[in-house]
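Trainee: Once you've had a glance at the structure underneath, I'll fire off some questions.
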Amino acid sequence: MSRAPLWRAVAALAVIATSLLIALTMAPRLGLDLRGGTQLVFETKDSPTVRADADATDRALDVLRRRADALGVVDPTLVRSGEKRIIVELPGVLDPREAAEVIGKTAQLNFHPVLGPADDGDKDGDKDAIADESGQKLKLGPVALSGAGVTDAAAGTDPQLGPGWFVTIDFREPGPWRELTGKAACEPAGDPRRRVAIVLDDKIISSPQVNETVACGAGISGGTTQITGSFSAEEAQNLAVLVKGGSLPVPLELVEQRTVGPTLGADAIAASAKAGVAGVILTAVFIGLVYRLVGLLAAVALACYGLISYAGLLAMGATLTLPGLAGFVLAIGMAVDANVLVFERAREEYGAAPRRGLRAALDRGFKNAWSAIADSNITTLLAAGLLFWLASGPVKGFGVTLAIGVLASLVSAMLITRVLASALIGRVGPGVSGLGSIGRVRTWLTRRDPDLMRAGRRWLAVAAGLLVLVGAGLVTRGLNYGVEFTGGRIVEFATSRPVDVAAARQAVADAGFPTAVVQRSDDAISVRTGQITADDVVRVEEALDRSVGEVVKQRDELVGPSLGAELRRNALIALGVALAAQLAYLAFRFRWTFGAAAVAALFVDAAVVVGAFAWLGKPIDGVFLAAMLTIIGYSVNDKVVLFDRVRELWPMSRKTPFGRVVNTAILQTVPRTVNTGLGALFILAALAVFGGDSLRDFAIALLIGIVVGTLSSSFVAGPAAIELERRAGQPPPLPAAPRRRPVARDGSGAVV
């Protein structure tokens, strides 16, 4: 064995062994959409005295972390996102009302002297008055003691003092509390001025009288007091959490909330696993039938790809989300692409020079396919990077998973497949190897040699007609933006039996929401409304329970209007930047005419998918954005392969019309395009069947996009490049200088 195959084999074994070790010793980190829980996204706001900058947000984050720990949440995750946003993940917390109320409350705790009752005739006095717990308005003096002077707080109860709960507060320094209560003790018993007002977020929660046994000026010593009132155990505990955690330096606004039940996440994992297994089996059978031995070896490499990408997710500590699972499954189909490119190129090499043997053809296949493989994967990584940069919530996980999958597919195809194929290719004949013929499709095309580009302008006219149809759908039907892009709330309830959607709609209307959109899918009901509160959601759930039978809330998403507008803007930016990035990269790697033609075809691909969703009334949400960027990244692969072949053929056929060069390139790359497309379609069909409602629309978008993208490579990108070159009038590139191939000679000087 020569040195190069030896190091490849050692590297492949090292990668597989390391991946296996990581997979066996590390547990995956599941997102809340898979394990159940609540995610809250807060945005800091300016207060009268503090600006909501990164420093204030970090201080607010510390306060929220102490509150989450005090609530007893297992393994909470709190991170700052950007300058003003805080993302809080609370596994196992399924009641967003308590979580949002306790975690996000400002909790500005202050102790005030009471100046007396408010004068009803004094408007200025009334303006600064605050009602106490009994409803009486009191005029308060300046803050005598703030929450910053509190060291601890705990909820408690004492049967000897009564049935209610109280909160015990310990002060850092006893002096301020002793001084405050000492001044109040100088007032007569029963006088409102003998009271001390305990104010939380501009609301008096308790205003006890200083006991008659406390002497004037002496005050209450010991540095401890109790907040009493008609507290329940839960209210006392929450108040203690707020006081102990400290007040927030700036107010917080809840801009997004997602709650997912654990059963929904478990079902999603099971469905994705079924889709992955079915997709892998179908893909392995397909490439095995088409490419025989090397196809079966590629199937083994695909299994290794799954192990490597899974280990990569674990090693990076990436959070696995539901869209991330879809990306993991989808990348299996994309991993086939590199193998197909190599095998088709090796078939060409063997057909051109069969006397060199299968091993030489395979080596040259890997070498000559590398350029197209690298360009294809770079363009897909651009799309994954945009998803991670501009997407939100679980869709970010799709970008991470897609990027890891692309890198893992390179390792599986260019390293593992090569090691396996090189070890066995010399031991079988051309027919068994799968590389001995160029295939039936290419044989038929070579024999017929159809001139597809003769009708190039006609194909462009068809594409223009599709765009008109898309425009008609957008005008007449419009886009069904999801809650992520419009703001509002969507709640999904699982039902115990089949439900009449009309009865469910009437129940929601009777609960006070006649404009809510109520839909049924399988055994669930979804209710979409505007900005309603968590208490309103409880009312809707109770109304459905009474009307249609027992329901269980399994998903609850709230998006504020400002965040919805921002996400919608980011989606448009992501699509625009994706097309511009592909244009810039392709113009750099090829010619500007090729880049412009490819982007024109990508625009048609994206527009057709958007138009189809408009006509079908499907939701446009974050998962759809992930599908669109994946379509752009996937579809550009076809264009890269086509123009890579044009770039190779054109310098060698300088006197041949450019249209004929493009036509030849299309015919030569059709097997790769068809076989890769079919491999991806198997995966997507499995996702559509087994993925459930949450992934079905994602799979439908990709199915449409890949079919259209495959056709647009030949019938939009090709004719567009011909028209652009005709108008540009640039000469074809010069052929590359041929490289001399070393030869071996025997003792007589004859070539071996």
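The values are calculated or read from the model by the stated rules, or taken from the named source; none is laboratory data. The structure displayed is predicted, hence computed values, not measured ones. Note that each Cβ is placed from the backbone with ideal geometry, even for glycine, and that neighbours are counted across all protein chains shown. Each accessible area value is taken on the protein alone, full model and side chains, heavy atoms only, with ligands, DNA and RNA left out. Shrake-Rupley method; radii C 1.70, N 1.55, O 1.52, S 1.80 Å.
Trainee: Quick one: which of 403, 383 is in contact with a helix residue (DSSP H, G or I) (Cβ under 6 Å, 6 or more places away or on another chain), among the hydrophobic types (A, V, I, L, M, F, W, C), on the phi < 0 side of the Ramachandran plot and open to solvent by less than 10 Å² (accessible area, probe 1.4 Å)? Walk me through it before giving the result.
Mentor: Details: 403 fails: open to solvent by less than 10 Å² (accessible area, probe 1.4 Å).
The conditions single out 383.
Trainee: Which of (1) hydroxyl-bearing (Ser, Thr, Tyr); (2) more than 22 Å from residue 149 (Cα to Cα); (3) in contact (Cβ under 8 Å) with a residue 12 or more places away in the chain does residue 228 not meet, given it meets every other one?
Mentor: (2)
Trainee: Looking at 435, 410, 424, 420 in this structure, which one is within 25 Å of residue 303 (Cα to Cα), open to solvent by 60 Å² or more (accessible area, probe 1.4 Å) and under 43 Å from the mean Cα position of the chain (by Cα)? Spell out the reasoning first.
Mentor: Details: 435 fails: open to solvent by 60 Å² or more (accessible area, probe 1.4 Å); 410 fails: open to solvent by 60 Å² or more (accessible area, probe 1.4 Å); 420 fails: open to solvent by 60 Å² or more (accessible area, probe 1.4 Å).
The unique qualifying residue is 424.
Trainee: Continuing with this model, one more query. Specify which of the listed residues (650, 615) is open to solvent by 10 Å² or more (accessible area, probe 1.4 Å) and at pLDDT below 90.
Mentor: On the way: 615 fails: at pLDDT below 90.
On inspection, the qualifying residue turns out to be 650.
Trainee: Does residue 313 qualify as being open to solvent by 10 Å² or more (accessible area, probe 1.4 Å), over 30 Å from residue 50 (Cβ atoms) and touching a helix residue (DSSP H, G or I) at 6+ places or on another chain (Cβ under 7 Å)?
Mentor: On the way: open to solvent by 10 Å² or more (accessible area, probe 1.4 Å): yes; over 30 Å from residue 50 (Cβ atoms): yes; touching a helix residue (DSSP H, G or I) at 6+ places or on another chain (Cβ under 7 Å): yes.
So residue 313 passes the test.
Residue by residue, here is whether (1) assigned to a helix (DSSP H, G or I); (2) out of contact with any Leu (no Cβ under 6 Å at 6 or more places or on another chain); (3) open to solvent by 10 Å² or more (accessible area, probe 1.4 Å) holds:
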| residue | (1), (2), (3) |
| --- | --- |
| 624 | yes, yes, yes |
| 627 | yes, no, no |
| 630 | yes, yes, no |
| 633 | yes, yes, no |
| 639 | yes, yes, no |
| 643 | yes, yes, no |
| 655 | no, yes, yes |
| 660 | yes, yes, yes |
| 663 | yes, no, no |
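Trainee: Limited to the stretch 1-50, what total is found for residues that are in contact (Cβ under 8 Å) with a residue 12 or more places away in the chain, open to solvent by 50 Å² or more (accessible area, probe 1.4 Å), in a loop (DSSP other than H, G, I, E, B) and over 21 Å from residue 73 (Cβ atoms)?
Mentor: Here the count works out to 3.
Trainee: Can you tell me how many residues within the stretch 665-689 are modelled with pLDDT of 85 or more and either among the polar types (S, T, N, Q) or not in a helix (DSSP H, G or I) (or both)?
Mentor: Matching residues across the stretch 665-689 total 2.
Trainee: Within the stretch 199-224, work out how many residues are assigned to a strand (DSSP E or B), under 21 Å from residue 163 (Cβ atoms) and at pLDDT 80 or above.
Mentor: Residues of the stretch 199-224 that are assigned to a strand (DSSP E or B), as a first pass: 199-200, 203-206, 209, 224.
If we keep only those that are under 21 Å from residue 163 (Cβ atoms) too, we end up with 205-206, 209.
Retained after the next criterion (residues that are at pLDDT 80 or above): 209.
Here the count works out to 1.
Trainee: Suppose we keep only residues that are out of contact with any strand residue (DSSP E or B) (no Cβ under 8 Å at 6 or more places or on another chain) and among the hydrophobic types (A, V, I, L, M, F, W, C) within the stretch 315-327. Which one would you say is nearest to residue 16 (Cα to Cα)?
Mentor: Across the stretch 315-327, the extreme among qualifying residues is 315.
Trainee: Separate question: Considering (1) at pLDDT 85 or above; (2) surrounded by 20 or more Cβ atoms within 10 Å (Cβ to Cβ); (3) in a loop (DSSP other than H, G, I, E, B), say which one residue 514 fails and leave the rest.
Mentor: (2)
Trainee: Tell me whether the stretch 321-342 contains one or more residues that are assigned to a helix (DSSP H, G or I), open to solvent by 30 Å² or more (accessible area, probe 1.4 Å) and closer than 18 Å to residue 702 by Cα.
Mentor: Of all residues in the stretch 321-342, those assigned to a helix (DSSP H, G or I) come to 322-342.
Restricting the remaining residues to those that are open to solvent by 30 Å² or more (accessible area, probe 1.4 Å) gives 328.
Adding the requirement that they be closer than 18 Å to residue 702 by Cα leaves 328.
Yes, because at least one residue in the stretch 321-342 is assigned to a helix (DSSP H, G or I), open to solvent by 30 Å² or more (accessible area, probe 1.4 Å) and closer than 18 Å to residue 702 by Cα.
Trainee: If you don't mind, another one. Output the residue which, of all residues in the stretch 563-580 that are surrounded by fewer than 18 Cβ atoms within 10 Å (Cβ to Cβ) and of a type in the set (Gly, Ala, Ser), is farthest from the chain's Cα centre (by Cα).
Mentor: Checked the stretch 563-580; the qualifying residue farthest from the chain's Cα centre (by Cα) is 580.
Trainee: Does residue 546 qualify as being more than 30 Å from residue 608 (Cβ to Cβ), basic (Lys, Arg), open to solvent by less than 40 Å² (accessible area, probe 1.4 Å) and at pLDDT 85 or above?
Mentor: Values: more than 30 Å from residue 608 (Cβ to Cβ): yes; basic (Lys, Arg): yes; open to solvent by less than 40 Å² (accessible area, probe 1.4 Å): no; at pLDDT 85 or above: yes.
Considered against the rule, which asks whether it is more than 30 Å from residue 608 (Cβ to Cβ), basic (Lys, Arg), open to solvent by less than 40 Å² (accessible area, probe 1.4 Å) and at pLDDT 85 or above, residue 546 comes out as no.
Trainee: Determine the pairs where a residue that is in a helix (DSSP H, G or I) and of a type in the set (Asp, Glu), located within the stretch 373-390, has a partner that is surrounded by fewer than 24 Cβ atoms within 10 Å (Cβ to Cβ) and at pLDDT 75 or above with Cβ atoms under 6 Å apart, the partner being 6 or more residues away or on another chain.
Mentor: 375/589
Trainee: How many residues are open to solvent by 40 Å² or more (accessible area, probe 1.4 Å), in contact with a Lys or Arg (Cβ under 9 Å, 6 or more places away or on another chain) and under 30 Å from residue 610 (Cβ atoms) when one looks only at the stretch 477-500?
Mentor: 3
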